[in-house]
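Structure, as structure tokens:
The values are calculated or read from the model by the stated rules, or taken from the named source; none is laboratory data. Note that the coordinates shown come from a computational prediction; the quantities given were computed from them, not determined experimentally. Cβ coordinates were reconstructed from backbone atoms using ideal geometry, including for glycine residues, and neighbour counts include every protein chain displayed. Side chains included, ligands, DNA and RNA excluded: accessible areas come from the protein's heavy atoms. Shrake-Rupley method; radii C 1.70, N 1.55, O 1.52, S 1.80 Å.
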Amino acid sequence: MPRLTMFRSLLFITTLSISLYSRAQDVCPVIPAPVTAKSTNSNFLLNDRTVIVLQHPSFRKEAALLQEQLLKYTGIRVQMAAAGMNTAYLSARATDKNKFPALIVLGKKSGEEDAYTLNMNEGGVTIDAGGEEGLVYGIMSFVQLARLSNPKDQHATIAGWRIEDRPVMKWRGFMLDESRHFFGKETVKMLLDQMALYKLNKFHWHLTDAPGWRIEIRQYPRLTLVGGIGSSTDSLAPAAYYTQDEISEIVAYAAARQITVIPEIDMPGHATAANKAYPEFSGGGTPKYPEFTFNPGKESTYQYLTNILREVNVLFPAGMIHIGGDEVSFGSASWNTDVHVQKLMKQENLKSLVDVEHYFIRRMADSLQAINSKVLGWDEVTAAKLPVAETIVFWWRQERPEQLKNALDKGYKVVLCPRFPFYLDFVQDSTHISGRRWGKEFNPLRRVYEFNMSNYPEIKDNNRSQIIGFQANQWTEVIKSAERLHFMTFPRLLAMAEAAWSDPEKKDFAGFEKRLTKFIPLLQQQGLYVMESTKTTPEPLR
Ligand code: TNX
């Protein structure tokens, strides 16, 4: 090879490897991808001498969360700084590293509650946030970076980043159905831990449905003692439910992680379990869906359900209750022959069963308004003439885009959770056996990740602000074991988290997949059974 050519190719290889190297350094591994992240070309050493400094007294709870998360995930025991210690130490430390421990400084900055800045270098880490929400998000980014640095023996050398971040969508939700199968509080706490790590902030808890009623109501104890018996796969399974103390424990656990818990008490359909316990309020059903509805024709039903909602509202400080409203037609044919419903129809001049359904939903919405609770419902409630400012509609029927359009035209706020791609009970791979499909369609990781509002012609510049966020729903008719629950939820929930948090313009599936490979072992370390590849991870069938 002539000398010049050799020199050129050497130069080429060197430049190529330098640029590949610096490109690798430029990609911040955090999921969901931050708005901006720049390497600080420095390492932060985290160890047992690291201390946390509070620059704002209201951040004490978050400091405790940071300590707890670092201990849980890295084994490192950081302490709160002794009184009087402050950022002046940072410069003192710069001159004498051995004398002063590195600091993590938690501070406040102006701007949105959920925005944060994370700045890491040799001297220390600062997390500045608009409010408690943003601070927790900054903490979670830092905890992710700490975990990804392979901490060992109470030491972690963490590559430094300067991150400016805030979410695109305000509602980043996950729904769990515990009526079909009951998983219990340890599983729920594990899910809340994962939600927090990936900055999801709304846990929608589907607590009642046909197979079982899962929340203790003191005024009506048979709801759980009788209605709690059974599941989708075993009608005689012993009563399983959450006591009110357990509900409060979980609500507090979520709150510490900036997650709001929204209970769902499904009505007037999906009520079979409740009707087993209190048959006097049943409106009947059909042969396929027996005792499926509450009775909208009896005045006593409204009092009963209002009493239940009043008790539920005390347990959940969210100030919002989801009252379902879905698939009432599965069982409402029985209303045609119910004397109470027939009387109501005459009295209120209701022309059809759907009119009755909407009348019922409106009455329950009135009850919620009277206790200052927002009304949340599936997209069936769109036509019920609910108070626009107090209602959130969950669009789930992807085959009915007109429901999304109606909801937007009427001015409702909307959470997008269409079956495609946000129903996690659909299989994620063509080879999988257990789980839902719709014809040939299902929900692979890529489809969840690539969800983009701009693909929906119903969503336009003038109504986009009504879309408050996205939500993944986990229905559990054929999910019985924790192992299968993990398998069906992860890693797709991380893809949903990034779709909801990050800038849709900057999404890149190949890049996401690459970052995800580093997180799979972290999920596994938490005891989660997660699909790495269809070849290496057998599908748990139940
Ligand atoms: C529809 S989504 C339902 C659920 C089922 C789910 C199964 C919704 C409001 N209703 O009751 O579990 O499909 O994918």
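For the reader, a short list of remarks on this structure follows.
- Residue check: Val393 meets all listed conditions (1) in a loop (DSSP other than H, G, I, E, B); (2) within 21 Å of Met453 (Cα to Cα) but one, namely (1).
- Looking across Glu357, Glu399, Glu380, Glu348, one residue alone is open to solvent by less than 40 Å² (accessible area, probe 1.4 Å), free of Cβ contacts under 8 Å to residues at least 60 places away in the same chain and over 28 Å from Tyr253 (Cβ atoms). It is Glu380.
- Residues that are open to solvent by 40 Å² or more (accessible area, probe 1.4 Å) and either out of contact with any helix residue (DSSP H, G or I) (no Cβ under 8 Å at 6 or more places or on another chain) or assigned to a strand (DSSP E or B) (or both), drawn from the stretch 129-153: Glu133, Asn150, Lys152, Asp153
- For Thr391: the one exception among (1) away from the ligand (no atom under 13 Å from the Cβ); (2) of a type outside the set (A, V, I, L, M, F, W, C); (3) touching a strand residue (DSSP E or B) at 6+ places or on another chain (Cβ under 9 Å); (4) touching a residue at least 40 places away in the same chain (Cβ under 8 Å): (4)
- Of the helices (runs of 4 or more DSSP H) contained entirely in the stretch 164-277, those carrying at least 1 residues that are of a type in the set (D, E, K, R) and buried (at least 20 other Cβ atoms within 10 Å of the Cβ) fall at 272-277.
- Flag if Tyr423 is surrounded by 15 or more Cβ atoms within 10 Å (Cβ to Cβ), hydroxyl-bearing (Ser, Thr, Tyr) and closer than 23 Å to Glu513 by Cα: yes
- Yes/no for Ala365 being surrounded by fewer than 22 Cβ atoms within 10 Å (Cβ to Cβ) and at pLDDT 95 or above: no
- Scoring Gly439 on the criteria (1) away from the ligand (no atom under 13 Å from the Cβ); (2) of a type outside the set (Val, Ile, Thr); (3) surrounded by 15 or more Cβ atoms within 10 Å (Cβ to Cβ); (4) over 21 Å from Glu178 (Cα atoms) leaves a single failure, condition (3).
- In summary, Asn463 fulfils each of the numbered conditions (1) more than 16 Å from the ligand (Cβ to nearest atom); (2) in contact with a Cys (Cβ under 7 Å, 6 or more places away or on another chain); (3) among the polar types (S, T, N, Q) with the single exception of condition (2).
- A count restricted to the stretch 278-297 and to residues that are farther than 22 Å from Glu178 by Cα, in contact with a Pro (Cβ under 7 Å, 6 or more places away or on another chain) and either among the hydroxyl-bearing types (Ser, Thr, Tyr) or part of a strand (DSSP E or B) (or both) stands at 1.
- The stretch 94-120, residues that are closer than 17 Å to Val78 by Cα and in contact (Cβ under 8 Å) with a residue 60 or more places away in the chain: Met120
- Residue among Asp425, Asp409, Asp366 that alone is within 16 Å of the ligand (Cβ to nearest atom) and of a type in the set (D, E, K, R): Asp425
- Any hit, the stretch 2-17, residues being of a type in the set (A, V, I, L, M, F, W, C) and either in a loop (DSSP other than H, G, I, E, B) or modelled with pLDDT of 95 or more (or both): no
- Scanning the stretch 50-66 for residues that are crowded, with 17+ Cβ neighbours inside 10 Å and within 25 Å of the chain's Cα centre (by Cα) returns Phe59, Glu62, Ala63, Leu65, Leu66.
- Count - residues of the stretch 154-163 that are out of contact with any Asp or Glu (no Cβ under 8 Å at 6 or more places or on another chain) and open to solvent by 10 Å² or more (accessible area, probe 1.4 Å): 5
- Count of residues meeting criterion [away from the ligand (no atom under 15 Å from the Cβ), within 13 Å of Leu176 (Cα to Cα) and surrounded by fewer than 23 Cβ atoms within 10 Å (Cβ to Cβ)] in the stretch 468-487: 1
- Residue list for the stretch 499-511, filter: surrounded by fewer than 23 Cβ atoms within 10 Å (Cβ to Cβ), in contact (Cβ under 8 Å) with a residue 40 or more places away in the chain and part of a helix (DSSP H, G or I): Pro504, Lys506, Phe509, Gly511
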